[in-house]
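First the structure, in the form of structure tokens, and then the observations on it.
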Amino acid sequence: MIFQLNERQEKIINIVKKNQPITSEAIASELNLTRATLRPDLAILTMSGILDARPKVGYFYTGKSSLSYISEKIKSIKVSEVISVPIVVDEATSLYDAIVLMFLEDVGSIYVTNKGFLSGVVSRKDFLKSALGGMDLNKVPIGMIMTRMPNIIYVEAEDSILTAAIKLIDHEIDSLPVVDENSEEEKNYKVIGRITKTTITRLFVELGKNE
Ligand code: ADP
């Protein structure tokens with residue numbers, strides 16, 4: 001993964017752009033360097049897709065910037081590759097039990113189901129609102145305070161992680177249920193996972209550290 005090219009790599013790109021196809025010997029002589037010195041730079045530039053190497057012909061410039069490489073890499077990561085385990089309760093669960101679960105599982109959002117299918121989402125602030133409103137936490141079911149379908153924003157396992165991140169930002173929410181749309185006709189979705197802002201931050205760190 002490349003985030004920044006060094007000066008020599010930028011020079012190599014310019015030489016290839018002007019003289020393509022060009023052999024590594026020719027690039028080395030333009031730069032007054034040996035082929036061996038250039039090898040790591042050429043390896044990075046071809047691995048990242050900025051240059052293309054054809055045997056016996058030489059190097060070509062593909063027109064891709066390192067930024068477009070990063071964007072392609074992010075788009076290629078699927079939700080299924082970074083999915084976490086969802087915390088799910090039935091609509092009939094009391095606010096008290098759901099709050100305890102939120103602490104025990106150390107999550108910020110809980111997904112709610114009715115007969116096993118996604119029916120809502122409850123976040124920390126939803127609980128705070130109900131507590132401030134003086135609701136009886138032991139008597140009121142979570143179904144009374146949750147954000148309901150069809151207003152739930154979700155993703156599918158095959159979606160790109162970029163799609164998920166855009167939904168989190170656009171809707172100003174912390175998490176997205178990952179659903180299985182097999183039974184789409186009846187609009188019944190099984191909750192199979194979750195994607196949170198932490199998922200995206202963790203991925204950002206991994207990509208940044210090149211792990
Ligand atoms: P917080 O309580 O920390 O602000 P969120 O920003 O995730 O957490 O939630 C804000 C509001 O959006 C809450 O009312 C919550 O029910 C709702 N919400 C959270 N996630 C979703 C989602 N995936 N789809 C629809 N609404 C959501």
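Does the range 71-106 hold any residues that are within 16 Å of the ligand (Cβ to nearest atom), without any contact (Cβ under 8 Å) to a residue 24 or more places away in the chain and at negative phi, and which are they? Hits for the range 71-106 are L101, F103, E105. Considering (1) aliphatic (A, V, I, L, M); (2) within 25 Å of the chain's Cα centre (by Cα); (3) within 13 Å of the ligand (Cβ to nearest atom), the lone condition that A131 does not fulfil carries the number (2).
Taking the conditions (1) more than 30 Å from F204 (Cβ to Cβ); (2) at pLDDT 95 or above in turn, V79 satisfies each one other than (1).
When you check M149 against the structure, is it within 11 Å of the ligand (Cβ to nearest atom), at pLDDT 95 or above and in the same structural domain as E91 (by TED's automatic domain parsing), yes or no?
Working: within 11 Å of the ligand (Cβ to nearest atom): yes; at pLDDT 95 or above: yes; in the same structural domain as E91 (by TED's automatic domain parsing): yes.
For M149, the condition - within 11 Å of the ligand (Cβ to nearest atom), at pLDDT 95 or above and in the same structural domain as E91 (by TED's automatic domain parsing) - is met.
So, S68, is that one touching a residue at least 24 places away in the same chain (Cβ under 8 Å), more than 13 Å from the ligand (Cβ to nearest atom), surrounded by fewer than 17 Cβ atoms within 10 Å (Cβ to Cβ) and under 30 Å from I44 (Cα atoms) or not? Considered against the rule, which asks whether it is touching a residue at least 24 places away in the same chain (Cβ under 8 Å), more than 13 Å from the ligand (Cβ to nearest atom), surrounded by fewer than 17 Cβ atoms within 10 Å (Cβ to Cβ) and under 30 Å from I44 (Cα atoms), S68 comes out as no. Might you let me know whether the range 123-141 holds any residue that is aliphatic (A, V, I, L, M), crowded, with 19+ Cβ neighbours inside 10 Å and in the same structural domain as Y96 (by TED's automatic domain parsing)? The answer is no, given that none of the residues of the range 123-141 is aliphatic (A, V, I, L, M), crowded, with 19+ Cβ neighbours inside 10 Å and in the same structural domain as Y96 (by TED's automatic domain parsing).
Against the test of being among the aliphatic types (A, V, I, L, M), farther than 24 Å from Y96 by Cα and not in a helix (DSSP H, G or I), the options I173, I200, I195 yield a single qualifying residue, I195.
The values are calculated or read from the model by the stated rules, or taken from the named source; none is laboratory data. Quick caveat, the model's predicted, so the values are computed rather than measured. FYI the Cβ positions are ideal-geometry reconstructions off the backbone, even for glycines, and counts take in every protein chain you see.
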